[in-house]
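These notes are about the structure you will find just below.
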Amino acid sequence: MDCPNCGVYNPEDRIVCWRCDQELPKPKESKKKADPAQAQRRMWLILLVALVVWILITWVLPRLLGGGLLPGS
Ligand SMILES: [Zn+2]
């Protein structure tokens, strides 16, 4: 947010302005309160995608690439 005193930009996690040490107004907490269940669901989705990618890379891709080199397999 912008400093109310000197107008310079400050990162959201700053408590005081880096330039003039003016205390910054606290950012609204409502956005920080993420739904933990939703966050966990997202984490599982990321894990699932990572697993699929891992299977593709370690299992499917060598078979696809090796199919031409190893006839009969
Ligand atoms: Zn300032």
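The values are calculated or read from the model by the stated rules, or taken from the named source; none is laboratory data. These numbers come from a predicted model, not from an experiment. Cβ placement follows ideal geometry from the backbone for every residue including glycine, while neighbour counts extend to all protein chains displayed.
Quick one: would you say LEU24 is within 16 Å of the ligand (Cβ to nearest atom), of a type outside the set (Phe, Trp, Tyr) and at pLDDT below 95? Write out each step before concluding.
On the way: within 16 Å of the ligand (Cβ to nearest atom): yes; of a type outside the set (Phe, Trp, Tyr): yes; at pLDDT below 95: yes.
It is true that LEU24 is within 16 Å of the ligand (Cβ to nearest atom), of a type outside the set (Phe, Trp, Tyr) and at pLDDT below 95.
Close Cβ contacts (under 9 Å, 6 or more residues apart or on different chains) running from residues in the range 50-73 that are among the polar types (S, T, N, Q) to residues that are at pLDDT below 70 comprise SER73/GLY67.
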